[in-house]
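Inspection log for the structure reproduced underneath, given as structure tokens.
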Amino acid sequence: MKLRPIAGIVLRQFYLLRGSPTRVVPTFAWVAIDIVLWGFITRYLNSVAGSGVNFVPTLLGGVLMWDFLTRIMQGVSIAFMEDIWARNFLNLFSTPLLISEYVSGLVITSVITGLLSLAVMLVLASAAFGLAFFQLGVLLVPFMLVLFVFGIALGILASAMVLRLGPASEWLVWPLPALLSPFAGVFYPLSTLPHWMRLIGELMPASYVFEGLRAAVAGKPFDAASLCVGAALALLYLAIAGWVFGWVFRHVVRSGLLARYSAESVS
């Protein structure tokens, strides 16, 4: 891989964002709405709960971490969709651009937009609702890294699905985080779930993150081995996602779908 083509992919996304405020606003607006909504919910629960339990770190912290994963995933998929909407694939791949360089550019774009969204969420949650996000210290690093890798894997898989099935399948991408969240145990332990849902949850790296976060916030011993399982699953899914995207790309090139890409290109 060469750095210059990767930088070109990132630069294109930067120019798109700089030239269109309508692309920038949703990056921050939805996360701000989530934080404000759940912030007031946690404030209300604190006021009516008689046990003295503070719901801010468990509920609002969970929302913040899940939104971070969602923004990482959508950072990859939205950058990919920009090329779908602009019918830009022939322009890109008529050059010596490698598929690995293209995907790397999407990932770097996702990192930048995801960190900006995280900064907005942290400012709102800390200033308005008193979330002490950094009280866990260095423990946050492995938690965030697992969510980051899993989010990248989901974004690459979602992009591969759209590349294979056509632009109309983008409507299967947007609800994906919401469909996965019940199994990840964002707001409750996996033990709350029925057995079949718990089995699915144990295959998701995010579930190990949220189980570990709840234990750390409650002052219980941190289970490093459990988080290592989550990290291994995230890396496995990332490798699978990369392989699937490469396989789909080779298929659409051989079949000619890349050349005649349109909303009807689903075979």
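The numbers here are math on the coordinates, done by the rules we state, and not lab data. Since this is a predicted model, take the numbers as computed values, not measurements. Please note: Cβ atoms are built from the backbone with ideal geometry, for glycine as well, and neighbour counts cover all protein chains shown.
Extension gain for the segment ASN54 to ALA32, taken as residue separation times 0.36 nm less the Cα-Cα distance, is 5.8 nm to one decimal. Residue by residue, segment 141-154 carries 3J(HN,Hα) couplings of 4, x, 4, 5, 5, 4, 5, 4, 5, 5, x, 4, 4, 5 Hz when phi is fed to the Karplus relation 6.51 cos²θ - 1.76 cosθ + 1.60 (θ = phi - 60°); x denotes Gly or Pro. Within segment 33-150, the proportion of C-alpha pairs whose separation exceeds 26 Å stands at 35%. Using 7 Å Cα-to-Cβ label points, what is the LEU98/VAL25 separation (nm, one decimal)? So the label points at LEU98 and VAL25 sit 4.1 nm apart. Entry note, the chain: relative contact order of 23 percent, from Cα contacts under 8 Å with a spacing of 6+ residues.
A Förster radius of 41 Å combined with the Cβ-Cβ distance from LEU165 to ARG43 puts the calculated FRET efficiency at roughly 0.45. Which FRET efficiency, nearest 0.05, do LEU235 and LEU140 yield, Cβ-Cβ r, R0 30 Å? Approximately 0.95, to the nearest 0.05. In terms of its Cα atoms, segment 161-214 spans 39, 22, 15 Å along the principal axes, sorted from long to short. P(r) tail for the chain: Cα pairs beyond 25 Å make up 48% of the total. Residues in segment 29-38 carry Karplus couplings, in order, of 5, 5, 5, 5, 5, 4, 5, 5, 4, 6 Hz; the curve used is 6.51 cos²θ - 1.76 cosθ + 1.60 with θ = phi - 60°, and Gly or Pro positions show x.
The length gained by stretching the chain between LEU90 and TRP196 to full extension, at 0.36 nm per residue less their Cα-Cα distance, is 33.8 nm. Using only Cα atoms, figure out Rg for segment 131-184 and give it as a multiple of 2.2 N^0.38 Å. Scaled against compact globular proteins, the figure is 1.49. Summarising the amide proton neighbourhood of GLY166: residues at separation of 5 or more, or on other chains, whose placed amide H is nearer than 5 Å comprise an empty set. Considering only the Cα atoms of segment 138-267, their convex hull presents on average a projected area of 8.9 nm².
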